[in-house]
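*Asks:* First the structure, which I've put down as structure tokens, then a few questions once you've had a look.
The values are calculated or read from the model by the stated rules, or taken from the named source; none is laboratory data. Predicted model, so just to flag it, every value in this text is computed and none were measured. As a convention, Cβ positions derive from the backbone with ideal geometry for all residues, glycine included, and neighbour counts pool all protein chains shown.
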């Protein structure tokens, strides 16, 4: 069984992406790793190249700056990386630059890859998500956070990145048939030093919206105010992946939140109530569980 990792990245240093940790976290499962590195304003290419010169294969790309709607450019960059996955690969393991897999899940992922390797009815494997917010001590709990997504896909080139690269579909807009895993992706996209987070917010919205929308909706400041976006959080009581330990130790800002101030909307209360009953989860699903 051959496994190839793939990802995309640009300006990882400027916007403080834990992309080294992301790639390193799944590298033990990968025979090779394809990274589409966009032309950057920092030393991102060298950063990626030095992760593991024996496994990393870089595809140099230029992002289409004219794409200003729905995060489409992110999907196109994902597709560029996937297109370079070797034909003899069985499974392609996708990871984004702010996602990390805990080492405790690697054996289970590998076991399920082997289990369904020869089953054409399975297009991919579905992961659960933890979305960290503000610091490494809090996890988002509102329904605005997506709960599951596909991160392992069969090496079938009819599969493509969907919408803003959150998930995948295949030809004729078909949802992928997936097997769910009891394994989490740790999403750290909302855990950055506040100045870096503000830079990311002001820059990355240009891949979803035009300048007029950005001027009206993106708050300008020296530092990102995490408290403006909170709906509900909970304390994280587990352990972080080992590859994240150095980054966590070097955290240089403070974020404390009193969870008694959580605001749970009526919609979320109803969703939480319905989830207690089998078959009554109405969350958005960009996949078909088989």
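*Asks:* Collect the residues in the stretch 17-42 that are surrounded by fewer than 23 Cβ atoms within 10 Å (Cβ to Cβ) and either at pLDDT below 95 or not in a loop (DSSP other than H, G, I, E, B) (or both), keeping them in residue-number order.
*Replies:* Scanning the stretch 17-42 gives 20, 24, 27, 28, 29, 32, 38.
*Asks:* Looking at 88, 98, 79, 123, which one is within 20 Å of residue 24 (Cα to Cα) and modelled with pLDDT of 95 or more?
*Replies:* Answer to the selection: 98.
*Asks:* Could you please find all residues in the stretch 165-186 being in a strand (DSSP E or B) and without any contact (Cβ under 8 Å) to a residue 12 or more places away in the chain?
*Replies:* 174
Residue-by-condition table, conditions (1) surrounded by 16 or more Cβ atoms within 10 Å (Cβ to Cβ); (2) over 30 Å from residue 262 (Cα atoms); (3) touching a strand residue (DSSP E or B) at 6+ places or on another chain (Cβ under 6 Å):
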| residue | (1), (2), (3) |
| --- | --- |
| 114 | no, yes, no |
| 119 | no, yes, no |
| 125 | yes, yes, yes |
| 143 | yes, no, no |
| 171 | no, yes, no |
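*Asks:* If you don't mind, another one. Given the structure, is residue 81 out of contact with any helix residue (DSSP H, G or I) (no Cβ under 8 Å at 6 or more places or on another chain), surrounded by 21 or more Cβ atoms within 10 Å (Cβ to Cβ) and over 12 Å from residue 10 (Cα atoms)?
*Replies:* yes
*Asks:* Shifting gears a bit: So in the stretch 151-164, with the set limited to residues that are modelled with pLDDT of 95 or more and part of a loop (DSSP other than H, G, I, E, B), which one is surrounded by the fewest Cβ atoms within 10 Å (Cβ to Cβ)?
*Replies:* Filtering first and then ranking leaves 158.
*Asks:* Please pick out the residue among 289, 248 that is within 14 Å of residue 135 (Cβ to Cβ), within 21 Å of the chain's Cα centre (by Cα) and modelled with pLDDT of 85 or more.
*Replies:* 248
*Asks:* Conditions: (1) farther than 25 Å from residue 197 by Cβ; (2) in a strand (DSSP E or B). Residue 8 meets all but one. Number of the miss?
*Replies:* Here residue 8 meets the rest and fails (1).
*Asks:* Those residues that are part of a helix (DSSP H, G or I), modelled with pLDDT of 95 or more and within 21 Å of residue 151 (Cβ to Cβ), I need them from the stretch 43-72; list them, please.
*Replies:* The one that is part of a helix (DSSP H, G or I), modelled with pLDDT of 95 or more and within 21 Å of residue 151 (Cβ to Cβ): 48.
*Asks:* Checking the structure you have, find out if any residue of the stretch 215-236 is in contact with a strand residue (DSSP E or B) (Cβ under 6 Å, 6 or more places away or on another chain), in a strand (DSSP E or B) and more than 28 Å from residue 111 (Cα to Cα).
*Replies:* Among the residues of the stretch 215-236, at least one is in contact with a strand residue (DSSP E or B) (Cβ under 6 Å, 6 or more places away or on another chain), in a strand (DSSP E or B) and more than 28 Å from residue 111 (Cα to Cα), which makes the answer yes.
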